[in-house]
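I have a structure here, written as structure tokens, and I will follow up with some questions on it.
Values quoted throughout were computed directly from the atomic coordinates according to the rules given, and no laboratory measurement underlies them. All of these numbers come straight from a predicted model, not from anything done at the bench. We place every Cβ from the backbone using ideal geometry, glycine too, and count neighbours over all the protein chains shown.
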């Protein structure tokens, strides 16, 4: 990408979003997820699915029947970090993010990051979730 107003499309965008989400995971959890893939569903929903995301400490907590604590901690972190995730996707796609949803699952070990994008013209579709 050359210049701050350049935006990616197609496979380049999907790879860049995947790399960015993996980078966040690696930076803050000190490990890469085992798998990661981003898909564009329709023309306005980016879905990044990460597998094998839990740290050894989190896996131990889950084995000790404390999975709820792990999910609550992850949820609090995602909520606190959402502005960074959104800013990254907006920069890469050149489109405003109108909604962001993040969740984790125990068994299978999966995390999903959903970004609802405004139309390429910047208009928010009727019925699209408003952005806070």
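Suppose only helical runs count, i.e. DSSP H with n ≥ 4. What mean residue ellipticity at 222 nm does that imply for the chain under -39500 (n - 2.57) per run, divided by all residues and rounded to the nearest 500 deg cm²/dmol?
Estimated from H runs of four or more residues: -14000 deg cm²/dmol.
Also, quick follow-up: Restricting to Cα pairs below 8 Å that are 6+ residues apart, what does the relative contact order work out to for the chain? Please round to a whole percent.
Computed over the chain, the figure is 25 percent.
On a 0 to 90 degree scale, rounded to 10, what angle separates helix 67-93 from the longest Cα axis of the chain?
Here the helix axis deviates by roughly 20 degrees.
If each of residue 69 and residue 82 carries a label point 7 Å out from its Cα toward its Cβ, how far apart are those two points in nm?
Placing both labels 7 Å along Cα→Cβ, they lie 2.6 nm apart.
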